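Before any comments, here is the structure.
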Amino acid sequence: MESKKLKRCLVCSAVVVTVLAAPLAGSLVHADNAGEQPVASSSSSDNNSSTSQSQVGSSDTSSDPDANSQSSSITQTHTLSKPYVVYGAGASDKDELNDVLAVNSGFKSLTATANDYKQFINPAGTTSDAAMISSVAIVPTDPGSGIKVNVQKFNGKNVITKVTAQQYAMVAQMAGVTDVTITVSANTPVSGESALTGVYEAIQADGNQLNSQNTQVANQMLDATQSAIQANNGDNSYPSKLMAAVGDATKAINDKRQDGDKLSRSDIEKILNHRLFFRGCYSTTKDHEQPIINALIQFNQAPISKSKDYSSHVDDTIKNVKKNSGQVMNQAKKFANSAQGQQAQQEAQSWFDKLMEWVQGLMK
């Protein structure tokens, strides 16, 4: 009798291990490419923040970046365990925003305030809650999918007027976020510069601590690339080229930091110029590259520049940035939130529940 029970236990264990080894449908949102839209105009005024982005500094790299070696040994790159929606404190029309952001009851809701902006973006900032208008939905995606960004219209209008999807993706990666799809919109036209506050807040709410030096340096890069993108706003492919080159440069810096190299300003300038040439945008960027070099110098001194997990993750995001010149990189979550997607997830859960009932029956 005991041998039969033991045999049943062994069979059940094998079944459960086999089932759990295979991924369940709908457990993660797969990063599928979607159609592209024209890049938003950068001519509108900034309604999102009353100060320029964090000026972490633009001095040479004469100080020793290894002062951050202890914090660099900690994992610097994080993703989410569940979807979040973060509304700007000054946002209205939340029901309509939910439709635009493809949000449902499965999303945890948060609010991004002026204090959050000061914490993650600019400690010296003087923005207000009313100026925090951009809202974001953040969905975890498959490991190795990097960051994809959808900048969505609101009532048919381009409402994020300054920041491109490619900037959001690469800057979030530099801050230590990865393997998510970020959807950005607003109920009124804004620059979009404070939208990443909500992304960082979601990561923290999910139980991960982003390093403030990383987030501030990343946002310095957002500011540093604005003039180059605005100067080339007639070329829809330019943001992809530039931000891929920026990603390449951060990867090269990270690789050299891993090897123990100490980089001078001249080294970093050469690294960037080489990557701009490689991406075919040196001539269109050279007159606007000094702020980008300054931001890379600060990246070199931030903990994430020496993080062992950065290089592979930034590669994933560089691929996304290269392939997508429009404002919509990934609409896979729209299926997950659709009636068909919800039905598929329910069917998968029902199947799993029935399997576990059968296994429990064998154990009796």
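The values are calculated or read from the model by the stated rules, or taken from the named source; none is laboratory data. This structure is a prediction, so every number in the text was calculated from the model and none was measured. Cβ sites come from the backbone with ideal geometry, for glycine too, and all protein chains shown count toward neighbours. Just the protein is used for accessible areas: all its heavy atoms, side chains included, with ligands, DNA and RNA removed. Shrake-Rupley method; radii C 1.70, N 1.55, O 1.52, S 1.80 Å.
For the residues Val184, Val177, Val139, Val149, the requirement of being farther than 29 Å from Asn300 by Cβ and open to solvent by less than 40 Å² (accessible area, probe 1.4 Å) singles out Val139.
In the range 307-323, the residues that are over 26 Å from Asn236 (Cβ atoms) form Cβ pairs under 8 Å with partners that are open to solvent by 50 Å² or more (accessible area, probe 1.4 Å) and of a type in the set (Ser, Thr, Tyr), at six or more places apart or across chains, as follows: Ser307/Thr75; Asp309/Thr75. Only one of these conditions is not met by Lys118: (1) farther than 28 Å from Gln301 by Cβ; (2) surrounded by fewer than 24 Cβ atoms within 10 Å (Cβ to Cβ). Which number is it? The one condition Lys118 does not meet is (1).
When the range 114-127 is filtered for residues that are touching a Ser or Thr at 6+ places or on another chain (Cβ under 7 Å) and either over 23 Å from Val171 (Cα atoms) or assigned to a loop (DSSP other than H, G, I, E, B) (or both), the ones remaining, listed by number, are Ile121, Asn122, Gly125, Thr126, Thr127. In the set (1) part of a helix (DSSP H, G or I); (2) open to solvent by 10 Å² or more (accessible area, probe 1.4 Å), Asn236 fails one condition alone, (1). Lys306 meets the conditions (1) farther than 13 Å from Thr225 by Cβ; (2) modelled with pLDDT of 95 or more; (3) crowded, with 16+ Cβ neighbours inside 10 Å in every case but one. The failed one is (2).
Taken over the range 201-215, the criterion of being buried (at least 22 other Cβ atoms within 10 Å of the Cβ), of a type outside the set (Ser, Thr, Tyr) and within 26 Å of Glu289 (Cβ to Cβ) is satisfied by Asn214 alone. Being touching a Gly at 6+ places or on another chain (Cβ under 8 Å) and at pLDDT 95 or above holds for only one residue in Gln226, Gln298, and it is Gln298.
Test Gln209 against the stated conditions and say whether it is part of a helix (DSSP H, G or I), over 12 Å from the mean Cα position of the chain (by Cα) and either on the phi < 0 side of the Ramachandran plot or not charged (D, E, K, R) (or both).
It is false that Gln209 is part of a helix (DSSP H, G or I), over 12 Å from the mean Cα position of the chain (by Cα) and either on the phi < 0 side of the Ramachandran plot or not charged (D, E, K, R) (or both).
Screening Thr111 on (1) closer than 17 Å to Leu210 by Cβ; (2) out of contact with any Ser or Thr (no Cβ under 6 Å at 6 or more places or on another chain) shows it passes everything except condition (1).
Among the criteria (1) open to solvent by 10 Å² or more (accessible area, probe 1.4 Å); (2) farther than 22 Å from Asp309 by Cβ, the one Gly198 does not fulfil is (1).
Let's see how each residue does on (1) in contact with a Ser or Thr (Cβ under 6 Å, 6 or more places away or on another chain); (2) within 17 Å of Asn273 (Cβ to Cβ):
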residue	(1), (2)
Gln204	no, no
Gln209	no, no
Gln213	no, no
Gln220	yes, no
Ser237	yes, no
Val246	no, yes
Ala249	no, yes
Asn254	yes, no
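Taking Ala228 as the residue in question, decide whether it is more than 23 Å from Pro291 (Cβ to Cβ) and among the small types (Gly, Ala, Ser). No; evaluated as a whole, the condition is false for this residue.
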